[in-house]
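Novice: Quick one: this structure, given as structure tokens, is what I'll be asking you about.
The values are calculated or read from the model by the stated rules, or taken from the named source; none is laboratory data. Being a predicted model, the structure only gives us computed values, none of them experimental. In this analysis, Cβ positions are derived from the backbone assuming ideal geometry, glycine residues included, and neighbour counts consider all displayed protein chains. The protein model used for the area step is the full one, side chains on, heavy atoms only, and it has no ligands, DNA or RNA in it. Shrake-Rupley method; radii C 1.70, N 1.55, O 1.52, S 1.80 Å.
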Amino acid sequence: MRILVINAGSSSLKYQLYDMADESVLASGRVERIGMDSSIVTHEPAGKAEVRDVSEILEHTTAIKRVLDMLIHKQHGVIASIEDIQAVGHRIVHGGEVFKSSVLVTSEVKLEIRRLFDLAPLHNPAHMMGIAAVEANMPGTPQAVVFDTAFHQTMPETSYLYPIPKVLYRRHKVRRYGFHGTSHAYVSEMAARYLSQPIDSLKMITCHIGNGASCAAIRGGESIDTSMGMTPLEGLMMGTRSGDIDPAIVPYVMNKEDLTINEVNSMLNKHSGMLAVSGLSSDMREVTEAMEEGDKHAALAFDMYVYRLKKYIGAYAAAMNGVDAIVFTAGVGENSSALRKAVVDGITFLGLELDEERNALRSKEAREITTDASRVKALVVPTNEELLIARDTYKLTHGQKL
Ligand code: ADP
């Protein structure tokens, strides 16, 4: 069974074709600059050379057509015909309160996703274009949707409500949703497998630390709290996002600097976080290098980033009244041994003991970075959101339980 996984953005689209017999990736790639004159398709067939094609792609239906052409191409292709793709799975950022798990696409589901446009105005409309483009190119092929928010729908009211007037929740659905759910779900599952313990018995704190960053408190396999909120701005300090700040700063700064809503939104989402504090970059590699060369602003950015992450780990250990494992994943979590060392060495009171050699190792496999004697384990688990989307799509199209 071949499953095509699609992550459609407004001007780009990423894809992976999976063979579910062994969960191998047959090909992956991306279409960039959709809607502009010179759009680029980059196609990477497994075991063959990468191909780049520049042409005009004005909308998503043509983008999907080009992807399919690549997949069945005589030289760069990996399948004989489009009919060899049995199902398509889409990543959807916002599932609101409606979607508590992945589902097959129906007209009802599409309507619900449209109703959620207000909550994710940059993402959900683009995902819908992806779904429509697949329908146009592959009529009759089953499609599934996998939501970034769904995994966090198990959060109790105490976690998801904001202490603000209830009417805002009733009228406008103002509540905490959380994001990166596919990643938190995937790495917590893999961590339980690595530890050879049933997930029902574990208390885990998963830290998805990439450009965007969030932590989740996972008890018995269910998310009971997560650091992103109604939008991905809440929580940890990130590459360019502020994370938690006093909300009163917003009207104060708008007034003092004469900023519009869009400007203040952009300031907090695109010009804050590590970029603002370091005055240098939102990229952890560059910040770490500058810090090692003695740059004080970079060092402050790194220290604040670590400090805020440690506070969330402490909070979630308290929220669950204990923790068995802390899991690091995504660009920074998987690659920055400096970040992991600073965090783990700063929370030894919880029962963690870092193994420096294990922490310094580079590997694509799940691994422990604490010592054998460490009571609480710290693990690095490479995330793979696309694989989870492919797995859910497979199960849904086979009538299996998710
Ligand atoms: P996104 O949230 O865009 O998916 P990623 O998960 O790819 O982001 O993470 C990007 C971040 O990972 C960047 O800050 C980058 O510097 C960091 N990163 C990647 N490789 C390394 C590395 N070897 N050491 C430190 N940080 C790294």
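Novice: Only residues that are under 24 Å from Asn335 (Cβ atoms) and open to solvent by 50 Å² or more (accessible area, probe 1.4 Å): list them for the stretch 258-282, please.
Specialist: Hits for the stretch 258-282 are Lys270, Leu275, Ala276, Gly279, Leu280.
Novice: Can you tell me which residue is nearest to Val381 (Cα to Cα) among those in the stretch 194-215 that are in contact with a Phe, Trp or Tyr (Cβ under 8 Å, 6 or more places away or on another chain) and within 16 Å of the ligand (Cβ to nearest atom)?
Specialist: Among residues in the stretch 194-215 that are in contact with a Phe, Trp or Tyr (Cβ under 8 Å, 6 or more places away or on another chain) and within 16 Å of the ligand (Cβ to nearest atom), the one nearest to Val381 (Cα to Cα) is Cys207.
Novice: Okay, next question. Among the residues of the stretch 345-385, which ones are within 16 Å of the ligand (Cβ to nearest atom), closer than 19 Å to Ser214 by Cβ and not in a loop (DSSP other than H, G, I, E, B)?
Specialist: Scanning the stretch 345-385 gives Val380, Glu385.
Novice: Let me spell it out: the conditions are (1) under 22 Å from the mean Cα position of the chain (by Cα); (2) within 16 Å of the ligand (Cβ to nearest atom); (3) among the aliphatic types (A, V, I, L, M); (4) surrounded by fewer than 20 Cβ atoms within 10 Å (Cβ to Cβ), and Leu402 meets all of them except one. Which number is the exception?
Specialist: Failed condition: (2).
Novice: Can I ask one more? Kindly indicate whether any position in the stretch 178-195 is at pLDDT 95 or above, among the aromatic types (Phe, Trp, Tyr), closer than 17 Å to Tyr316 by Cβ and in contact with a strand residue (DSSP E or B) (Cβ under 7 Å, 6 or more places away or on another chain).
Specialist: Yes, the stretch 178-195 contains a residue that is at pLDDT 95 or above, among the aromatic types (Phe, Trp, Tyr), closer than 17 Å to Tyr316 by Cβ and in contact with a strand residue (DSSP E or B) (Cβ under 7 Å, 6 or more places away or on another chain).
Novice: Does Glu334 satisfy being at pLDDT 95 or above, within 16 Å of the ligand (Cβ to nearest atom) and surrounded by 15 or more Cβ atoms within 10 Å (Cβ to Cβ)?
Specialist: yes
Novice: Return the pairs, sorted by first residue and then second, in which the second residue is of a type in the set (A, V, I, L, M) and open to solvent by 70 Å² or more (accessible area, probe 1.4 Å), the first residue lies in the stretch 96-108 and is closer than 16 Å to Gly130 by Cβ and in contact (Cβ under 8 Å) with a residue 12 or more places away in the chain, the beta carbons are less than 9 Å apart, and the residues are 6+ apart or on different chains.
Specialist: What qualifies is Ser102/Leu402.
Novice: Would you confirm whether any residue within the stretch 285-294 is open to solvent by 10 Å² or more (accessible area, probe 1.4 Å), closer than 21 Å to Thr329 by Cβ, under 21 Å from the mean Cα position of the chain (by Cα) and within 16 Å of the ligand (Cβ to nearest atom)?
Specialist: Within the stretch 285-294, one or more residues are open to solvent by 10 Å² or more (accessible area, probe 1.4 Å), closer than 21 Å to Thr329 by Cβ, under 21 Å from the mean Cα position of the chain (by Cα) and within 16 Å of the ligand (Cβ to nearest atom).
Novice: Still on this structure, please answer the following. On the given criteria, is Gly95 within 30 Å of Arg170 (Cβ to Cβ), in contact with a helix residue (DSSP H, G or I) (Cβ under 9 Å, 6 or more places away or on another chain) and either open to solvent by less than 30 Å² (accessible area, probe 1.4 Å) or modelled with pLDDT of 95 or more (or both)?
Specialist: In short, yes.
Novice: For the stretch 318-331: of the residues being among the hydrophobic types (A, V, I, L, M, F, W, C) and surrounded by 21 or more Cβ atoms within 10 Å (Cβ to Cβ), which is farthest from the ligand (Cβ to nearest atom)?
Specialist: So, considering only residues that are among the hydrophobic types (A, V, I, L, M, F, W, C) and surrounded by 21 or more Cβ atoms within 10 Å (Cβ to Cβ), the one farthest from the ligand (Cβ to nearest atom) is Val323.
Novice: Would you point out the residue of the stretch 296-306, among those that are open to solvent by less than 50 Å² (accessible area, probe 1.4 Å) and more than 22 Å from the chain's Cα centre (by Cα), that is farthest from the ligand (Cβ to nearest atom)?
Specialist: The extreme case among them is Ala299.
Novice: Let me ask something else about it. Among the candidates Leu259, Leu309, Leu268, Leu275, single out the residue that is in contact with a helix residue (DSSP H, G or I) (Cβ under 9 Å, 6 or more places away or on another chain), away from the ligand (no atom under 12 Å from the Cβ) and closer than 22 Å to Ala342 by Cα.
Specialist: Leu309
Novice: If you check Ser24, Ser55, which single one turns out to be of a type in the set (Ser, Thr, Tyr), more than 15 Å from Gly77 (Cβ to Cβ) and either surrounded by 23 or more Cβ atoms within 10 Å (Cβ to Cβ) or touching a Phe, Trp or Tyr at 6+ places or on another chain (Cβ under 8 Å) (or both)?
Specialist: Result: Ser24 is the single residue among Ser24, Ser55 that is of a type in the set (Ser, Thr, Tyr), more than 15 Å from Gly77 (Cβ to Cβ) and either surrounded by 23 or more Cβ atoms within 10 Å (Cβ to Cβ) or touching a Phe, Trp or Tyr at 6+ places or on another chain (Cβ under 8 Å) (or both).
Novice: Might you let me know whether the stretch 66-85 holds any residue that is assigned to a strand (DSSP E or B) and either under 28 Å from Ile113 (Cβ atoms) or in contact with a Cys (Cβ under 9 Å, 6 or more places away or on another chain) (or both)?
Specialist: yes
Novice: Could you please let me know if Glu189 is charged (D, E, K, R), more than 12 Å from the ligand (Cβ to nearest atom) and closer than 18 Å to Ile389 by Cβ?
Specialist: yes
Novice: In this structure, does Gly346 turn out to be open to solvent by less than 30 Å² (accessible area, probe 1.4 Å) and either modelled with pLDDT of 95 or more or of a type in the set (Lys, Arg) (or both)?
Specialist: Considered against the rule, which asks whether it is open to solvent by less than 30 Å² (accessible area, probe 1.4 Å) and either modelled with pLDDT of 95 or more or of a type in the set (Lys, Arg) (or both), Gly346 comes out as no.
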